[in-house]
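Have a look at the structure below, then the notes.
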Amino acid sequence: MDPERRRIADAAIIRPARGEDLDELVQHIWDVAAEARWIGTEVPFDRDARRIRLDTLSSGASSTVLAIDTSAAGGPGVVGHISIDIASYGVADIGMLIIVGWRGLGLGPKMLDAAIGWASAAGAHKMALEVWPHNSSALELYRRAGFVEEGRKRRHYRRQNGEIWDAVLMGRSLP
């Protein structure tokens, strides 16, 4: 592991996404989606619609987008984000990603802790997410953060290549 990248990751800050971040966040989604392994979104997708969705989430009364920013420590800037959307019944749905080259450096727990804090302060009583069963790193991250498996959507998501994937449903009660 690159010690300089680790130093930068350790000093990264979590902050609300800003309007000027949105194009970069959309590019991150595109890049991770192109890996065709980690998130539900697949390429190609409508970049403008995704930008509008991120803008709506980041400016909503019961939603936000938190960015992980490495620029103050000499890093490339935003290298990941987590979206949080609290439903009217009090459950905060989350989705997160970190770009390649910055995974495995402790940024996931930082983002997840910040999201848990935000959702708790915003009045959510629970957090929920879906994750692919083959994403062992994400499953371990969520388990360490107190999420438990609540079920599985079996053969639920048809992928562009014709495969049909399961999704693991996870949740975590908030104080």
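The values are calculated or read from the model by the stated rules, or taken from the named source; none is laboratory data. Predicted model, so just to flag it, every value in this text is computed and none were measured. Here the Cβ positions follow ideal geometry from the backbone for every residue, glycine too, while neighbour counts run over all protein chains shown. When the accessible area is computed, the model is the full protein with side chains, heavy atoms only, and any ligands, DNA or RNA have been set aside. Shrake-Rupley method; radii C 1.70, N 1.55, O 1.52, S 1.80 Å.
Of note:
- Area of residue 48 that stays accessible when all protein chains are in place (1.4 Å probe, Å², to 10): 110
- Spherically averaged projected area of the convex hull of Cα atoms, region 67-123: 4.1 nm².
- For region 145-158, backbone phi angles converted through the Karplus equation (6.51, -1.76, 1.60; θ = phi - 60°) give residue-by-residue couplings of 8, x, 7, 10, 6, 10, x, 8, 8, 8, 6, 9, 9, 7 Hz, Gly and Pro being listed as x.
- Under-5 Å amide H pairs with residue 17, H placed in peptide plane, nonlocal only: 65, 66, 67
- Linear extension gain, residue 43 paired with residue 20, 0.36 nm per residue minus alpha-carbon span: 6.0 nm
- Rolling a 1.4 Å probe over the protein heavy atoms of region 116-175, with every protein chain left in place, gives an accessible area that is 47 percent carbon and sulfur.
- DSSP-loop trypsin sites (Lys or Arg not before Pro) across region 2-40, with at most 13 other Cβ within 10 angstrom: 18, 37
- Overall, the chain carries a charge dipole of about 480 debye about its Cα centre when +1 sits on the Cβ of Lys and Arg and -1 on the Cβ of Asp and Glu, all other atoms neutral.
- Region 1-45 and region 115-166 have their alpha-carbon centroids 18 Å apart.
- Segment residue 31..residue 89, full-extension length gain: 17.6 nm, with 0.36 nm per residue of separation and the alpha-carbon distance subtracted.
- Interchain or long-range residues, amide H under 5 Å from residue 78's placed H: 70
- Considering all different alpha carbon pairs of region 104-148, the Kirkwood hydrodynamic radius works out to 11.3 Å.
- Karplus-derived HN-Hα couplings along region 69-79 (A = 6.51, B = -1.76, C = 1.60, θ = phi - 60°), whole Hz, x at Gly and Pro: 10, 9, 5, 5, 9, x, x, x, x, 6, 10
- Near residue 97, the amide H atoms lying under 5 Å from its own belong to 81; only residues 5 or more places off or on other chains count, and H is placed 1.01 Å from N.
- Here the contact order of region 1-95, divided by its residue count and restricted to Cα pairs under 8 Å and six or more residues apart, works out to 30 percent.
- The phi torsions of region 29-46, fed into the Karplus equation with coefficients 6.51, -1.76 and 1.60 and a -60° offset, translate into couplings of 4, 4, 4, 6, 4, 5, 5, 6, 9, 10, 10, x, 5, 10, 8, x, 9, 7 Hz, rounded to whole numbers, with Gly and Pro shown as x.
- Pairwise Cα inverse-distance average, inverted: Kirkwood Rh of the chain (Å): 16.6
- Dipole of region 1-49, positive direction: furthest Cα of 14, 3, 34, with charges on the beta-carbon: 3
- Across the chain, the mean sequence separation of Cα contacts (distance under 8 Å, 6 or more residues apart), normalised by length, yields a relative contact order of 19 percent.
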